[in-house]
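J.: So that we are looking at the same thing, I have put the structure below in structure tokens.
A short reminder: the numbers here are calculations on the coordinates, not readings from a lab. These figures come from a predicted structure and were not determined experimentally. Cβ: placed from backbone, ideal geometry, glycine included. Neighbour counts: every protein chain shown.
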Amino acid sequence: MSAFSDPFQKARQDSGVLQCPFHGENITMILRHEDVRKAAKDWQTFSSDAPFRVPIPSEEGVRSMRQLPIETNPPEHSSYREIVEPFFQRAKDPATITQVESLIGSMVTRALERESIEIVNEFALPVQSRALTYLLNVPESEGETWIGWGIHVFKVTGGEFKTGTVLEDYLHAAFDRAEANPGPDFFSALTEATYQGRKLTREECMGFANLAFAGGRDTIIHTISCALGYLAEHPEGLEYLRADPKRITLASEEFFRVFMPLTHIGRVCPADTDVKGVTVKAGERISLAWASANFDDAAFPAPHEIRLDRRPNPHISFGFGTHLCLGAPHARLILRSLLKICGERVKTITILQSEERIEHEAKFDRKLGYDSLVVKLTAL
């Protein structure tokens, strides 16, 4: 798979914006690194207080509640975020780090024993789902249910939205159990949490949980797949990491920069706004194009080269400003653990079969990783 897909280069250099229709809605994409960072911090002009409209395309048809805290502005955002941040910071705890490294170690061991393994569904999806149980402090067996939901809780292969309410039904049952028998888990903490002096409503609890399960799922899965695909195509990269494990931190950040599964995220303009010469009407959306900003040569020398020692690396794959991704420590832990264990145990990765995942839009096609990646892992 080519790692250098940058369909926004010309528009980024010419005007800094690209107007593109998404499901019938014409959205102005902000493309330059510095412009995206400024817009991400300017929540008064580019508001997140827009239920269902932060994701692109909008999600009114697949969920019934506002996702929290992402679909709020300060100061509400900060107050909401404080409620759940301790769980997402668990990724920095030594005990959680040990759990994730043990999980990935066992998965790699089993993969080494096989003649082949399909990475997206048989490796990355189970890693993401089981690791999330450690973050939310629930039994690992719950991860088997989550694996059954597939790569994306709202979409099927090809990008169409799923029908039904599987996630919401699951969350309601989880909160019912937590209310009846509270424990030290994520669901119980939400049922007992307060916001502005009152208990959270069920809808608010559902909003937090909905984001926890939908927000970083396919992104982590596809970053894992792309990193392994890259190391298969560039065995010198694996040797480079093996020679000095201290290189893993910078290398993982470069993988996050280049293999950016989330193209962009939406914001709503409360008033008519000029965006690089384009008038965005009140109530219309712009997008913060993370994937374009990460290839801006004003911020990244030779942006189309993968440099595992790139430093500095001001990528914005986890967003920027107030809404910096809650799950960033979790994603970093998973990828760093994977690279560490591969360096210790894997001699080569051979691609046997691959099917690229491509995002098709009216004005651009963008490679996002793989729908399927079958490899053979050889042990050291």
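J.: Cross-link partners among lysines for Lys276, C-alpha distance below 22 Å, same-chain residues fewer than 8 apart left out?
T.: Straight-distance partners of Lys276: Lys10, Lys38, Lys41, Lys363.
J.: If you take every residue apart from Ile117 with its C-beta less than 12 Å away from the C-beta of Ile117, what net charge results, scoring Lys and Arg +1 and Asp and Glu -1?
T.: In short, -1.
J.: Could you check how many percent of all C-alpha pairs in the chain are farther apart than 30 Å?
T.: In whole percent, the share of Cα-Cα pairs in the chain beyond 30 Å is 39.
J.: So what's segment 178-307 giving for Cα Rg divided by 2.2 N^0.38 Å, two decimals?
T.: 1.51
J.: Compute the relative contact order of the chain as a whole-number percentage, counting only Cα pairs closer than 8 Å that sit 6 or more residues apart in sequence.
T.: Taking the mean separation of contacting Cα pairs over the length of the chain, I get 27 percent.
J.: Identify which of Ser79, Ser252, Ser337 has the largest mean-square fluctuation in a Gaussian network model of the chain, with springs joining Cα atoms closer than 10 Å.
T.: Fluctuation is largest for Ser79.
J.: How much of the calculated P(r) for segment 259-380 lies past 21 Å, in percent of all Cα pairs?
T.: For segment 259-380, the fraction of Cα-Cα distances above 21 Å is 59 percent.
J.: Right, here's the next one. Could you compute the longest span of the chain free of GluC sites (Glu not before Pro) located in DSSP loops and having at most 10 other Cβ atoms within 10 Å, not counting the site residues?
T.: 161-380
J.: Now for a separate question. Compute a Gaussian network model of the chain, connecting alpha carbons closer than 10 Å, and tell me which residue from His33, His360, His77 fluctuates the most.
T.: Between His33, His360, His77, it is His360 that shows the largest mean-square fluctuation.
J.: A follow-up question, please. Starting from the Cα-Cα distance between Glu284 and Tyr240, subtract it from 0.36 nm times their residue separation and give me the gain in nm to one decimal.
T.: Roughly 11.1 nm would be gained on extension.
J.: With respect to the cross-link table entries Lys92/Lys340; Lys92/Lys367; Lys347/Lys367; Lys92/Lys199; Lys92/Lys347, which display a Cα-Cα separation exceeding 20 Å?
T.: Lys92/Lys367; Lys347/Lys367; Lys92/Lys199; Lys92/Lys347
J.: Using 7 Å Cα-to-Cβ label points, what is the Glu356/Ala302 separation (nm, one decimal)?
T.: About 2.3 nm, to one decimal.
J.: Sticking with this structure for a sec: For Leu368, enumerate residues with amide H under 5 Å from its amide H, sequence gap 5+ or separate chain, H modeled in the peptide plane.
T.: Arg357, Ile358, Glu359
J.: Using modelled backbone amide H atoms (1.01 Å from N, in-plane), which distant-in-sequence or interchain residues come within less than 5 Å of Glu25's amide H?
T.: Here nothing satisfies the definition.
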